[in-house]
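Worksheet for the structure shown next.
The values are calculated or read from the model by the stated rules, or taken from the named source; none is laboratory data. Here the structure is a predicted model, which is why all the values come from computation and not from measurement. Cβ placement follows ideal geometry from the backbone for every residue including glycine, while neighbour counts extend to all protein chains displayed.
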Amino acid sequence: MTGWSPEVRVLRHPAATFRELAASPDRGRWMLVRRPLLLLFAMGMLLSLHSSGRLSVRAVADGMVSFAFLPACEILAVGVVYWRGDRRLRFARVVDAFFTSHAPWLLWIVGFCLWRFTESPLQASALSATAIRITTATLLVPAVWSAYLDLHFFRVVMPRRAGRAMTDLLLQRAIGWTGALGYFFGIAAWAQLVAWVRG
Amino acid sequence: MKRARVASVGLIAVALVTGTMTDRPRRLDPLTLGGYRVLAVDFHTHSSMWSDGAFTPWGLVLEAERQGLDAIAVTGHNQVSDGQLARRFSRAVGGPIVIGGEEVLAEGRFHMIAAGVTDVVDFRQSAARAIDDVHRQGGIAIAAHPFPDISQGWDAVALRQLDGGEICHPEIFARATGQAELERFAARHPIAAIGSSDFHGLGQMGICRTYVFASEASERGILDAVRARRTVVFGEGDHVYGDPALLPYVDALRGRAPSRLSRGTAFDWVSRIAAIAGFAGLLCL
């Protein structure tokens with residue numbers, strides 16, 4: 001396994017990989033941004049391939065700007081958890097390790113790009129209800145898998161006891177995901193809520 | 001493994017170079033038919049600013065240029081700020097006409113495009129009152145994807161005031177009865193035929209578009225043309241909808257939009273394959 005990236009290794013041996021990452025040489029502030037940038041590049045690639053059928057600097061850069069709120073919310077949420085407890089590791093290193101457990105999401109993006117890469121603009125624009133349901137259902141896999149990896153992250157890297165790791169995971173998700181979804185769906189979410197309350 | 005990583009980065013570079021080479025604005029000669037300037041317009045686009053889109057407001061402007069659109073309406077979900085931002089950007093760079101707007105989401109009742117408005121139209125009111133509000137601001141009201149499941153709010157009063165309705169929306173290509181459902185809505189009252197892509201980032205902006213026969217190439221010209229129902233739209237199977245008086249000009253409009261079925265040039269294929277292979281390599285090695 002030593003030849004594989006930490007993203008692959010963490011999928012099979014999360015605890016060992018996090019221990020390794022926590023002990024790896026410190027690369028300074030670069031560690032704060034390198035994995036968030038990888039996530040943003042993946043989002044930009046997804047946008048570019050599915051809006052124009054090619055990878056262009058313009059669309060990738062635009063997607064990276066558009067989705068910058070995602071790692072921003074995640075870093076903020078990890079920051080809150082970090083400041084609540086043991087801070088023996090530098091924050092940049094903690095962020096770097098945390099984003100390693102985004103591997104299932106990155107694999108999902110690669111899979112989605114592979115699945116749809118022969119499509120015409122019409123097929124890209126008009127996903128059937130079944131395709132949307134399948135796509136949405138498959139998102140559960142990285143959601144659950146990355147939560148499992150993050151439990152290891154909180155236990156090994158932060159480090160926390162089992163119960164506290166679960167609390168931190170829930171707190172991180174509550175802050176990070178609420179912030180990200182709130183920004184993404186924005187004011188329209190309010191209309192949905194009103195409709196739901198009215199029944 | 002270092003070599004493999006370098007190769008992966010190299011593949012991504014190849015993907016970016018080939019993809020960027022072909023990523024150019026689609027410039028067409030201005031078209032005048034029957035004394036009108038014909039403008040290709042997408043009335044329904046969303047940005048990443050609080051409207052679950054994937055392009056920034058300025059990114060939408062650049063994308064519109066690449067899809068050969070003369071104008072777009074940026075229609076934030078229950079808000080108008082991203083449309084105003086896109087308009088300022090487009091004016092600064094000499095881009096397409098940007099019509100500020102809003103998609104009024106009254107969940108369970110109606111979805112409505114308010115194009116040409118500057119203040120937020122409240123989603124809590126009835127469709128008729130919302131249209132009043134749009135008209136007071138000098139804008140036009142378009143029924144957005146009025147499929148039966150979100151059309152309960154379109155009562156007779158609202159329909160009489162409505163300026164247009166989407167007859168081409170990407171969903172018609174995904175649901176078997178989609179086109180017929182939009183035709184049934186359009187048959188309830190005379191309204192301008194509108195084609196729009198409800199663009200959120202995935203798919204092609206302008207895949208459904210409206211050819212507007214405007215007296216001038218401006219926002220006012222476009223809004224006036226919709227009020228006068230001088231529009232032509234190509235629906236499913238390139239079926240033509242719109243003002244019967246404009247049908248003689250339809251052939252001149254064919255081929256002006258990018259193909260809905262093209263899978264791109266050889267460069268696009270190289271770009272796609274190299275991008276996925278390169279990223280997978282970078283992720284794994």
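For every residue, the table says whether it meets (1) surrounded by fewer than 22 Cβ atoms within 10 Å (Cβ to Cβ); (2) within 14 Å of another protein chain (Cβ to nearest Cβ).
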{"position": "A:VAL57", "(1), (2)": "yes, yes"}
{"position": "A:ASP62", "(1), (2)": "no, yes"}
{"position": "A:ALA68", "(1), (2)": "yes, yes"}
{"position": "A:GLU74", "(1), (2)": "no, no"}
{"position": "A:ARG84", "(1), (2)": "yes, no"}
{"position": "A:ARG87", "(1), (2)": "yes, no"}
{"position": "A:VAL94", "(1), (2)": "no, no"}
{"position": "A:PHE99", "(1), (2)": "no, yes"}
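Among the residues of region B:249-272, which ones are farther than 19 Å from B:GLY68 by Cβ and in contact (Cβ under 8 Å) with a residue 40 or more places away in the chain?
Of everything in region B:249-272, those that are farther than 19 Å from B:GLY68 by Cβ and in contact (Cβ under 8 Å) with a residue 40 or more places away in the chain turn out to be B:VAL270, B:SER271, B:ARG272.
Please go through (1) buried (at least 21 other Cβ atoms within 10 Å of the Cβ); (2) free of Cβ contacts under 8 Å to residues at least 12 places away in the same chain; (3) farther than 30 Å from B:VAL17 by Cα for A:ALA16 and return the number of the only condition it doesn't satisfy.
Just one mismatch for A:ALA16, condition (1).
Kindly provide the set of residues from region B:104-136 that are closer than 16 Å to B:LEU223 by Cα, within 20 Å of the chain's Cα centre (by Cα) and surrounded by 19 or more Cβ atoms within 10 Å (Cβ to Cβ), ordered by number. Walk me through it before giving the result.
The initial filter retains those residues of region B:104-136 that are closer than 16 Å to B:LEU223 by Cα, namely B:112-118, B:131-136.
Those left that are additionally within 20 Å of the chain's Cα centre (by Cα): B:112-118, B:134.
Across region B:104-136, the qualifying residues are B:MET112, B:ILE113, B:ALA114, B:ALA115, B:GLY116, B:VAL117, B:VAL134.
Would you point out which residue out of B:HIS200, B:HIS239 is more than 30 Å from A:GLY63 (Cα to Cα) and either out of contact with any Pro (no Cβ under 9 Å at 6 or more places or on another chain) or surrounded by 15 or more Cβ atoms within 10 Å (Cβ to Cβ) (or both)?
On the way: B:HIS200 fails: more than 30 Å from A:GLY63 (Cα to Cα).
Among B:HIS200, B:HIS239, only B:HIS239 is more than 30 Å from A:GLY63 (Cα to Cα) and either out of contact with any Pro (no Cβ under 9 Å at 6 or more places or on another chain) or surrounded by 15 or more Cβ atoms within 10 Å (Cβ to Cβ) (or both).
So B:ALA64 clears everything in (1) within 9 Å of chain A (Cβ to nearest Cβ); (2) closer than 22 Å to B:HIS169 by Cβ except one condition, right? Which one?
(1)
Can you find a residue in region B:64-73 that is under 30 Å from B:ALA158 (Cα atoms), at pLDDT below 95, out of contact with any Asp or Glu (no Cβ under 8 Å at 6 or more places or on another chain) and not in a helix (DSSP H, G or I)?
To start, the set of residues in region B:64-73 that are under 30 Å from B:ALA158 (Cα atoms) comprises B:69-73.
Within this subset, residues satisfying the condition of being at pLDDT below 95 are none.
So far as region B:64-73 goes, no, none of its residues is under 30 Å from B:ALA158 (Cα atoms), at pLDDT below 95, out of contact with any Asp or Glu (no Cβ under 8 Å at 6 or more places or on another chain) and not in a helix (DSSP H, G or I).
Return the pair list, or none, for Cβ contacts closer than 7 Å from residues in region A:122-141 that are free of Cβ contacts under 8 Å to residues at least 12 places away in the same chain and closer than 29 Å to B:PRO258 by Cα to residues that are charged (D, E, K, R) and part of a helix (DSSP H, G or I), at least 6 apart or on different chains.
Close Cβ pairs (under 7 Å, with a partner that is charged (D, E, K, R) and part of a helix (DSSP H, G or I)) amount to A:ALA126/B:GLU171.
Quickly run through region B:257-285 and pick out the residues that are surrounded by 18 or more Cβ atoms within 10 Å (Cβ to Cβ) and either more than 8 Å from chain A (Cβ to nearest Cβ) or among the acidic types (Asp, Glu) (or both).
The answer is B:ALA257, B:ASP268, B:VAL270, B:ALA277, B:GLY278, B:GLY281.
Go through region B:67-88 and give me each residue that's surrounded by fewer than 21 Cβ atoms within 10 Å (Cβ to Cβ) and facing chain A (nearest Cβ under 9 Å).
B:GLN79
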